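Below is one structure, written out as structure tokens; comments come after it.
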Amino acid sequence: MASLSGALAIATRALLNDNAGINVTSNNIANANTEGYSRQRPVFEEAAPIQYGSLQFGNGANLEQVESMRDKLLEIRIQQETQQQADSGAYLGAMQQVQSLFGNAQGGGLETAINGLFDSFTQLTSDPSNPSIRQNVLTAGENVASEFNRLSANLSQARAQLDQQVAGATDSVNQLTAQIAALNPQISLLRASGQNAGTLEDQRTQLINKLSNLIDVNTVQSDDGFTLTTTGGAALVVGNQSFALTLQRDASSAMLHIYSSGKDLTSGIQSGQLHGFLQARDASIPGYLAQLDDLATGLGTAVNAAHSSGYDINGNQGANFFTVTAGAGAAANLQVALTDSSQVAASSDGSVGSNGNATALAAIRNQAITGGKTASQSISNLVFQLGNDVSQTSSRQDAQSMALQQLQAQRSSISGVSLDEEAANLVKYQNAFQAAARVISTIDLLTQTVINIGASSTS
């Protein structure tokens, strides 16, 4: 049968439950601006009733758990979008740096230098024996060689810088996976004991989001534990163990490759900053460098062919104007082979006043020298490809950033703290607490009355 002691027990549990609700609400308010925090809520369940004959008496409520409000599927989508957005951002930053190399800084740009060379050939036709004009031809040639050398060196330097960024990102991956592996057993222990692991789970989610910035990540939560792998299946974290990525210098490219458990993972990385760095380092920059080498080879070969067909100021057969190394390294190694302006072969027949070969050299401006394109067209095509690459990547990153913001807004609506809602909860728990306290006070008064009645009857 219901009793004062039973009612007191119900009211006491109510008091404790409401106090827990106030504590949870206070914690939510305190973490309203904490990045990655998932708001918590107490979960109450009606206690099993007491059966007395044909009657049932309520037995109050129990605090079953404090749960963190999160959508695991949404968290995974945020991690995936983070990977794509970070990938585009890393690649875009690298290619914008490459694009700046083809601007008008440091010597006027490659196209300006090449046009300057052809302009000097054209000027030579007006006075082929003029020493000043002949010297201008050599200077223009040196400007072309210097611009090719500069661009090649800067592109190689950009690759080397990306190599360092790959190393730094890999170290960060290892630090994050070690921290995640350290959290996993703590979370499992709390769950096994029926306690709330929300705070540690928030920390782990934040670490996974940071990891998603760096590399493609798959999350697997099962009864056997928590596992992180790359999209290709390489293990990063299994339970309380992390698997560190290692770096090895590739013999053919001299670039760092990423290994996991002895297996080369470099080509298998599919997103995150590491993929963006690797795509720029191993595909895009080498592609533009190859185009630059082809242009240097084509231009140097065409000028050499025309120049060696003429005669210098002393009537000698023209020599090669440029030193050309065909294929890889052509841009880096291009040099003017002539050492004196008298060696410039302007004449087509050996006579001092002839300008026939100077005319032939100037005509190379309009000749296809590589890939069916003139030198100017080849440069324009390279710069257009680079600009288009940067523009498309920038547009893609903008779209990804917008999608990520929308997902984060959805997460905030589920997991974020609303101060208005928490204020309402605080009033609700406060009123309930005061009501439970009033019940306890009433039961105490009734109990004292019963005791007094009993004491009076015995006396």
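Counting only helical runs of four or more DSSP H residues, what would the 222 nm mean residue ellipticity of the chain come to if each run contributes -39,500 (n - 2.57) and the total is spread over all its residues? Walk me through the numbers before you get to the answer.
Numbers: 12 runs with 281 residues, N = 459.
Mean residue ellipticity at 222 nm (helix-derived): -21500 deg cm²/dmol.
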Self-check item: Under 9 Å, Cβ to Cβ, from Gln400 - net charge with Lys/Arg +1 and Asp/Glu -1
Solution: -2
Quiz item: Amide H of Leu256: which non-local residues (sequence gap of 5 or more, or other chain) have their own amide H closer than 5 Å, using H built in the peptide plane?
Solution: Asp250
Exercise. Could you work out the relative contact order of the stretch 201-341, using alpha carbon pairs under 8 angstrom and six or more residues apart, expressed as a whole percent?
Key: 14 percent
Quiz item: Which cross-chain or sequence-distant (5 or more) residues have an amide H under 5 Å from the amide H of Leu236, H modelled 1.01 Å from N in plane?
Solution: Leu228, Thr229, Thr230
Quiz prompt | Alpha-carbon Debye profile of the stretch 83-169, log10 I(q)/I(0) at 0.14, 0.26 Å⁻¹ | solution = -0.62, -1.17
Exercise. Treat the count of other C-beta atoms within 10 Å as a stand-in for reagent exposure and order Ile215, Ile187 from fewest to most.
Key: Ile187, Ile215
Practice problem: Would you list which lysines come within 27 Å of Lys72, measuring only between C-alpha atoms, while excluding same-chain residues fewer than 8 positions from it? | Solution: Lys210
Self-check item: Histogram of C-alpha separations across the chain, 20 Å bin width, %
Solution: 19, 30, 22, 15, 8, 4, 1, 0
Quiz prompt | Per-q log10 I(q)/I(0), the stretch 10-57, q = 0.32 Å⁻¹ (Debye; single scatterer per alpha-carbon; no solvent) | solution = -1.13
Self-check item: Residue-wise HN-Hα coupling along the stretch 440-448, computed from phi with Karplus coefficients 6.51, -1.76, 1.60 (Hz; x: Gly, Pro)
Solution: 4, 4, 5, 5, 4, 5, 5, 4, 4
Exercise. Could you tally the net charge around Ser271, taking each other residue with its Cβ under 14 Å from the Cβ of Ser271, Lys/Arg +1 and Asp/Glu -1?
Key: -1
Self-check item: Nearest-0.05 FRET efficiency for Ser413 and Ile50, computed from C-beta distance (R0 51 Å)
Solution: 0.80
Exercise. Over the stretch 305-459, calculate the relative contact order: mean separation of alpha carbon pairs under 8 Å at least 6 apart, over the residue count, as a percent.
Key: 14 percent
Self-check item: Environment charge at Arg281 (Cβ cut-off 14 Å; Lys +1, Arg +1, Asp -1, Glu -1)
Solution: -2
Practice problem: Using Cα positions and a limit of under 16 Å, work out the aspartates and glutamates in reach of Lys373, with same-chain residues fewer than 8 apart set aside. | Solution: Glu111, Asp293, Asp294
Exercise. Find the centroid of the Cα atoms in the stretch 305-356 and in the stretch 25-91, then give the distance between the two in whole Å.
Key: 79 Å
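Please tell me the relative contact order of the chain in percent, rounded to the nearest whole number, where contacts are Cα pairs under 8 Å and at least six residues apart. Display every interim value, and only then the final one.
Values: 729 pairs, mean separation 107.3, N = 459.
Relative contact order comes out at 23 percent.
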Quiz item: Separation of the stretch 124-163 and the stretch 8-23 by C-alpha centroid, Å?
Solution: 84 Å
Quiz item: Residue by residue through the stretch 70-80, which ³J(HN,Hα) values in whole Hz follow from phi under the Karplus form 6.51 cos²θ - 1.76 cosθ + 1.60 (θ = phi - 60°), with glycine and proline marked x?
Solution: 8, 10, 5, 5, 5, 4, 5, 5, 5, 4, 5
Self-check item: Leu189, Leu200 arranged by Cβ crowding within 10 Å, fewest neighbours leading
Solution: Leu189, Leu200
Exercise. Would you calculate the separation in nanometres between label points at Met69 and Gln317, each defined as 7 Å from the Cα along the Cα-to-beta-carbon direction?
Key: 8.9 nm
Self-check item: Percent of alpha-carbon pairs separated by more than 12 Å within the stretch 217-264
Solution: 65 percent
Self-check item: Proxy reagent accessibility, fewest Cβ within 10 Å first, across Asp18, Asp294
Solution: Asp294, Asp18
Exercise. Per residue of the stretch 385-394, in order, report the coupling 6.51 cos²θ - 1.76 cosθ + 1.60 (Karplus, θ = phi - 60°) as ³J(HN,Hα) in whole Hz, putting x for Gly and Pro.
Key: 4, 5, x, 5, 4, 5, 5, 5, 5, 5
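Just so you know, all these numbers are worked out from the coordinates, no wet-lab data involved. Just so you know, these numbers come straight off a predicted model, no measurement behind them. We place every Cβ from the backbone using ideal geometry, glycine too, and count neighbours over all the protein chains shown.
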